[in-house]
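The values are calculated or read from the model by the stated rules, or taken from the named source; none is laboratory data. As the structure is a prediction and not an experimental result, all values here were calculated from the model. Cβ sites come from the backbone with ideal geometry, for glycine too, and all protein chains shown count toward neighbours.
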Amino acid sequence: MGQIIDGKALSVVVKDEVKAEVAELEAKYGRKPCLVVIIVGENPASQVYVRNKVKAAAYTGMESQLIELPADISEEALLGKIVELNNDPKVDGILVQLPLPKHIDEEKVIDTISREKDVDGFHPGNVAGLWLGKDCIVPCTPAGIMRLIDSIGYELKGKNAVVVGRSNIVGKPVAKLLLDRHATVTIAHSRTADLGAVCRTADVLITAVGKAGLVDGSMIKPGAIVIDVGMNRNAEGKLCGDVDFASAEPVASWITPVPGGVGPMTIAMLMKNTIHCFLSRQK
Ligand code: L34
């Protein structure tokens, strides 16, 4: 029977660490780290996530600001807002919640956020830093996944890790982090032949596709660790991951739930990244 890795509880541990750091930083530098979150339009899921981010920032005692912009804002106006925040010395971290409305080029937005304020770790300079093994901001969800795995004291060296999904936000960066820990990493995706067979090779299985029920218990190696990054709504409108929890949990040794797994850790690691940005700006 699988044990639950409680992301919600672990996120509180991380946020408490940040809270202590914020107090120390304020005493040392005379100001608190400041995170600005921008949301464009009214995607209800995004609204929940950004509200959770601002709430977490308040919990840690850091400064934060939520900027809500209309869905029909021009790309030029959004980029202008970002440049303004880049130039504001009080702002340490800038996050533009994705996805953006279709008329706005996400790549341009990501490229415009200055690298030193890129709390998401999406800027090309941070991506290059990650792949070259240099000091950089690591994207929040992959960082949260590693912290979840570390929380159960699991040694990744020499283990087979399978990542299902190849996004820039989760799949690709988490594969690199697993590689850094000496796991043997396979990246699977929508065109992978016999996904079940590939998944069954995994000692650690990470699913980040966005498709409810993509992976079930028959695709999991007995005793595997399962980290479910999916954030879907099933037919009844209930939040669920990519993994069919009911059939997977009895096969896995450890498994993250949805909700209460990776989601809260993404937000907790965002707080850590804001501290990182604050500190690199002091130099
Ligand atoms: N720029 N855009 C940017 N950065 C990010 O790191 C994200 N991501 C993803 C979507 N777009 C982004 C998030 O913030 C996904 N994501 C995210 C963050 C938090 C939660 C889920 C996804 C979360 O809090 N999940 C809760 C349930 C929330 C609910 O009730 O709907 C959980 O327990 O899993």
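For residue 178, only one of the following conditions fails: (1) surrounded by fewer than 23 Cβ atoms within 10 Å (Cβ to Cβ); (2) away from the ligand (no atom under 12 Å from the Cβ); (3) in a helix (DSSP H, G or I). What is its number? Residue 178 satisfies all of (1) surrounded by fewer than 23 Cβ atoms within 10 Å (Cβ to Cβ); (2) away from the ligand (no atom under 12 Å from the Cβ); (3) in a helix (DSSP H, G or I) except (1).
Of the helices (runs of 4 or more DSSP H) lying entirely inside the range 1-97, those carrying at least 2 residues that are more than 22 Å from the chain's Cα centre (by Cα) and away from the ligand (no atom under 15 Å from the Cβ) are 7-29, 75-86. Here is the figure for the range 145-174: residues that are assigned to a helix (DSSP H, G or I) and under 16 Å from residue 242 (Cβ atoms) total 4. Among the numbered conditions (1) exposed (fewer than 14 other Cβ atoms within 10 Å of the Cβ); (2) touching a residue at least 24 places away in the same chain (Cβ under 8 Å); (3) within 30 Å of residue 102 (Cα to Cα), the only one that residue 85 does not meet is (1). The residue pairs whose first member lies in the range 188-203 and is at pLDDT 95 or above and of a type in the set (A, V, I, L, M), whose second member is surrounded by fewer than 17 Cβ atoms within 10 Å (Cβ to Cβ) and part of a loop (DSSP other than H, G, I, E, B), and whose beta carbons are closer than 6 Å, counting only pairs six or more residues apart or on different chains, are 198/192. When residue 105 is tested against (1) touching a Gly at 6+ places or on another chain (Cβ under 9 Å); (2) within 15 Å of the ligand (Cβ to nearest atom), just one condition goes unmet, and that condition is (1). So which residues in the range 238-278 are farther than 20 Å from residue 204 by Cβ, more than 9 Å from the ligand (Cβ to nearest atom) and touching a residue at least 40 places away in the same chain (Cβ under 8 Å), if there are any at all? Across the range 238-278, the qualifying residues are 268, 271, 272, 273, 274, 275, 276, 277, 278.
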